[in-house]
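Working notes, beginning with the structure itself.
Just so it is clear, none of the values below were taken in a lab; they were calculated from the coordinates. What you see is a predicted model; the values in this text were computed from it and never measured. Glycine gets a Cβ as well: all are built from the backbone with ideal geometry, and neighbour counts include every protein chain shown.
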Amino acid sequence: MTFVGTKEAKREISQKELNRPQKEIPDRTKWFRAYALQQWEFDPDMIFCELNYHLCIITPKREKLFSNTEDHFVKFSEIFNSIGDFFHGKINLLFMGEDHLHIHIDSPPDYTADEIVNKIIINSEIEILKVFLEYQKNTENIFIRNYFIETVG
């Protein structure tokens, strides 16, 4: 279901116009569609979509890079909070282990989970290396490109 326009002048774009194959729509989806249209008519501000993820990223070979976790937690949190601006989302560092980080991500549906994680990994490495020079000598990358992610909420 795709809509364009404003509250006063909205238009549904059909699957045919989008060159998508026709699929049978389950009753539950039809109900959500009807409810969304009803809410849009009543109050368009009530329609929103947020995606919440739990992300775990690790160091290469589970190397214990982060030995001063208590001292660095605040600065790492600031770094990750600022990276959310790259995709109009919010990032919170939940836990910092010696070889991994647990992160909560709240993002709009404009990007895939993979795009978000790549932005986080690449930009966090750049910022961490600017602030913490001791990580420059340890490894080529601070985080490996494999990760664990799950939806939450």
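Here are the numbers for the structure shown:
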{"read-out": "Amide H within-cut-off set for Leu94, under 5 Å, with H built and near neighbours excluded", "value": "His102, Ile103, His104"}
{"read-out": "Rg(Cα)/(2.2 N^0.38 Å) for segment 54-153, N = residue count", "value": "1.00"}
{"read-out": "Restricting segment 105-141 to GluC sites (Glu not before Pro) in coil, as DSSP defines it, with at most 14 other Cβ within 10 Å", "value": "Glu140"}
{"read-out": "Selection of trypsin sites (Lys or Arg not before Pro), segment 64-104, meeting DSSP coil and at most 13 other Cβ within 10 Å", "value": "Lys64"}
{"read-out": "Spin-label pair Val131/Ser82, simplified geometry with 7 Å Cα→Cβ offset, distance in nm", "value": "0.7 nm"}
